[in-house]
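**Student:** Please find one structure pasted underneath; my questions will follow.
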Amino acid sequence: MRIAMIGAGYVGLVSGACLADFGHDVVCIDRDPTKIAALEQGRMPIYEPGLESLVADNVRQGRLSFRTELREAVAGADAVFIAVGTPSRRGDGFADLSFVHDAAREIAGALSGYTVVVTKSTVPVGTGDEVERIIRETVSQAEFAVVSNPEFLREGAAIGDFKRPDRIVVGTEDPRAEAVMREVYRPLYLNASPILVTGRRTAELTKYAANAFLAAKITFINEMADLCEAVGADVQQVARGIGLDGRIGTKFLHAGPGYGGSCFPKDTLALAKTAQDHGMPLRIVETVVAVNDQRKRAMARKVIRACGGSVRGKTIALLGLTFKPDTDDMREAPSLAIAAGLQDGGAKVRAYDPEGIEQARPLLPAVSFAEDAYSCAEGADAVVIVTEWNAFRALDLKRLHMAMRTPVLVDLRNIYDPAIAAQHGFAYQGVGRSAGTASTSEA
Ligand code: UDX
């Protein structure tokens, strides 16, 4: 199949490279000439494990190429994927669809022969109808179908998620478009990944419902963590205890500093807005958004408490800045609110992140950056683990302790055993467990 992928961001680039790897001919198109020039030289605009070699392999084998101009690629394509950004609109939280609408107009002008136009970006319910209307208004004679095919990949695990999805959702009522989509995903179908064919609006809503549910699950366990701290229980054991119930499931029950990233914060807001616009407010989702926003700032207060009630004049070392490991993405990262809260309290903040420093620097102008975890901790009054990078999971605690002025360890991802941290002389604070509680045992 010949595929045009509009947008070479996270979703577009990963999807394009994976579809090429399935054996399709893929052209990735992005308006940004610098991005395309870099990609042509094999340089990735984002950090995603495995992406660089996947792109290089498929470029070498002639199945993947990059362009700034979509006309030629769209004219020759069986399927055109729209994978452009849908940021939150300033002020009301609704998804800004101007990039999607622009793409629809440009695609319309280039269509030739029956083409399936696929929205892969996360778009509010009804956007497929809009895209269809825009194309129809631009070229009344065009032969096309607009399909919703939301992407569920996670940053840092994007290639694996694309190639081994739990399910593929295809929203269309056009049998010809369905056949094209089944052909696009045939390699996965052979792997027995279920394809769920639904109406277009249902597919669009499914993506938001999935993200909102996961965001709610995380927020639920985060609130449970606070209660655990208050009553002297251990949230990790509570999570295990409820997660082993097959109806609940063990995933997405890690308590932490609140969710961030490019999807959950934006999509929960957009869903709440859609619901309000339809006179059907989603009170659970609205509460999740509010609780998660407050939590990030509350984490700074937690650090301040761990430092005896004040951080004025103290140096606080933050380990991990990105919203999760294995990405350089700083969007809505809890570290931003935590650093701000500590600075407002008079602290000097120093930070280290294995991949995110370049992205973090402009967002954290008053923070100084270290070369590694130990130099970050040098002379610090507290070390705060903000993101659970593998590099922080097995730190030499003796060396860390020696580097610090005061051995306070605030572990916002619960990657250390409180008892072991205490044995090394740390005043340890995790999330939802009291110092000295042993980690889960399932003997
Ligand atoms: C998410 C969805 O998982 C994915 O399906 C969708 O396509 C895009 O949004 P992503 O944002 O890349 O993916 O990362 P994810 O691993 O889901 O983590 C999101 C946030 O939740 C991170 O800040 C992470 O630290 C937090 N999280 C996740 C927790 O705090 N606890 C958990 O148990 C899981």
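**Student:** How many lysine pairs in the stretch 231-379, separated by 8 or more positions in sequence or lying on different chains, have Cα atoms less than 28 Å apart?
**Tutor:** Lysine pair count for the stretch 231-379: 19.
**Student:** Still on this model: Return one quarter of the surface area of the convex hull spanned by the alpha-carbon atoms of the stretch 1-53, equal to its mean projected area, in nm².
**Tutor:** 3.4
**Student:** Write down the accessible area per residue of the stretch 337-443 in Å², having rolled a 1.4 Å probe over the full set of protein chains. Don't jump to the answer; show the numbers that get you there.
**Tutor:** Working: 4810 Å² over 107 residues.
I get 45 Å² per residue for the stretch 337-443.
**Student:** Mind jotting down the distance between the C-alpha centroids of the stretch 267-339 and the stretch 170-244, whole Å?
**Tutor:** Here the answer is 21 Å between Cα centres.
**Student:** Now a separate question. How much length would be gained if the chain were fully extended between Glu183 and Ile420, taking 0.36 nm per residue of separation minus their Cα-Cα distance, in nm to one decimal?
**Tutor:** Result for the pair: 80.0 nm of gain on full extension.
**Student:** How large is log10 I(q)/I(0) at q = 0.15 Å⁻¹ when the Debye formula is applied to the Cα atoms of the stretch 75-137, each weighted equally and without solvent?
**Tutor:** Scattering profile of the stretch 75-137, log10 relative to I(0): -0.44.
**Student:** Which number comes out as Rg/Rh for the stretch 21-85 once both Rg and the Kirkwood Rh are worked out on C-alpha atoms?
**Tutor:** Rg/Rh: 0.94.
**Student:** If you place +1 on the Cβ of every Lys and Arg, -1 on the Cβ of every Asp and Glu, and leave all else neutral, what size is the dipole of the chain about its Cα centre, to the nearest 20 Debye? Provide the component values of the computation, followed by the final result.
**Tutor:** Values: 50 positive and 55 negative charges, 192 e Å.
Approximately 920 debye in magnitude.
**Student:** What percent do you get for the relative contact order of the stretch 107-239 when only Cα pairs under 8 Å and 6+ apart count?
**Tutor:** On the way: 164 pairs, mean separation 31.3, N = 133.
In percent, rounded to a whole number, it is 24.
**Student:** Out of the stretch 58-147, which GluC sites (Glu not before Pro) are coil in DSSP terms and have no more than 13 other C-beta atoms within 10 Å? Could you put the intermediate results ahead of the total?
**Tutor:** Values: sites: Glu69, Glu72, Glu106, Glu130, Glu132, Glu137, Glu143; in loops: Glu69, Glu143.
Passing sites in the stretch 58-147 are Glu69, Glu143.
**Student:** Just for the stretch 1-142, what percent of DSSP beta bridges are antiparallel, to the closest 5?
**Tutor:** Roughly 5 percent of the beta bridges in the stretch 1-142 run antiparallel, per DSSP.
**Student:** Compute the distance from the alpha-carbon center of the stretch 26-62 to that of the stretch 348-375, in whole Å.
**Tutor:** One Cα centre to the other: 27 Å.
**Student:** If the convex hull of the alpha-carbon atoms of the chain is projected onto planes in all directions, what is the mean projected area in square nanometres?
**Tutor:** Values: hull surface 89.9 nm².
Here the figure is 22.5 nm², rounded to one decimal.
**Student:** If you don't mind, there's one more thing I want to ask. Using a 1.4 angstrom probe, figure out how much accessible area the stretch 1-130 has per residue, in square angstrom, rounded to the nearest whole.
**Tutor:** 39
**Student:** Turning to a different aspect of this structure: Pick from Val303, Val180, Val26 the residue whose mean-square fluctuation is largest in a GNM of the chain, springs joining Cα atoms under 10 Å.
**Tutor:** Highest fluctuation among the options: Val180.
**Student:** Considering only protein heavy atoms and a probe of 1.4 Å, how much of the accessible area of the chain is carbon and sulfur, as a whole percent?
**Tutor:** 52
**Student:** Write down the Kirkwood hydrodynamic radius of the stretch 241-363, to one decimal in angstroms, obtained as one divided by the mean of 1/r over all alpha carbon pairs.
**Tutor:** Result for the stretch 241-363 stands at 16.2 Å.
**Student:** Let me ask another. With every protein chain kept in place and ligands, DNA and RNA left out, what is the accessible area per residue of the stretch 173-273? Probe 1.4 Å, answer in Å². Walk me through the numbers before you get to the answer.
**Tutor:** Numbers: 4890 Å² over 101 residues.
I get 48 Å² per residue for this part.
**Student:** Also, I was wondering about something else. Cα convex hull of the stretch 114-268: mean projected area in nm², to one decimal?
**Tutor:** 10.8
**Student:** Right, here's the next one. Give, rounded to the nearest 20 debye, the magnitude of the charge dipole that the stretch 1-74 has about its Cα centre when Lys and Arg contribute +1 at Cβ and Asp and Glu contribute -1 at Cβ.
**Tutor:** Value, rounded to 20: 120 debye.
**Student:** Continuing with the same structure: Please state, to two decimals, what the Cα-based radius of gyration of the stretch 332-421 comes to when divided by 2.2 N^0.38 Å (N = residues). List each step's numbers first, then the result.
**Tutor:** Details: Rg = 12.6 Å, N = 90, 2.2 N^0.38 = 12.2 Å.
For the stretch 332-421, the normalised Cα radius of gyration is 1.04.
**Student:** For Cα pairs less than 8 Å apart in space and 6+ apart in sequence, what is the mean separation divided by the residue count of the chain, i.e. the relative contact order in percent?
**Tutor:** 12
**Student:** So what's the net charge close to Thr322: Lys and Arg +1, Asp and Glu -1, counting the other residues with Cβ under 10 Å from its Cβ?
**Tutor:** Neighbour charge sum, excluding Thr322 itself: -4.
**Student:** Also: Could you give the semi-axes, largest first, of the ellipsoid that matches the stretch 1-139, computed as the square roots of 5 times the alpha carbon gyration tensor eigenvalues and rounded to whole Å?
**Tutor:** 24, 19, 12
**Student:** Size of the dipole of the stretch 239-291 about the Cα centre, Lys and Arg at +1 and Asp and Glu at -1 on the beta carbon, nothing else charged, in debye to 20?
**Tutor:** On the way: 6 positive and 4 negative charges, 32 e Å.
For this selection, approximately 160 debye.
**Student:** Continuing with the same structure: Return P(r) of the stretch 61-185 (all Cα-Cα pairs; 5 Å bins starting at 0; whole %; ordered from short to long distances).
**Tutor:** That works out to 2, 10, 19, 22, 22, 15, 7, 2, 0, 0, in percent per bin.
The values are calculated or read from the model by the stated rules, or taken from the named source; none is laboratory data. In this text the structure is predicted, and so the values were computed from the model without any measurement. Reconstructed Cβ throughout: ideal geometry from the backbone, glycine too, with neighbour counts over all protein chains shown. Remember, those area values only see protein heavy atoms, side chains included, never the ligands or the DNA or RNA. Shrake-Rupley method; radii C 1.70, N 1.55, O 1.52, S 1.80 Å.
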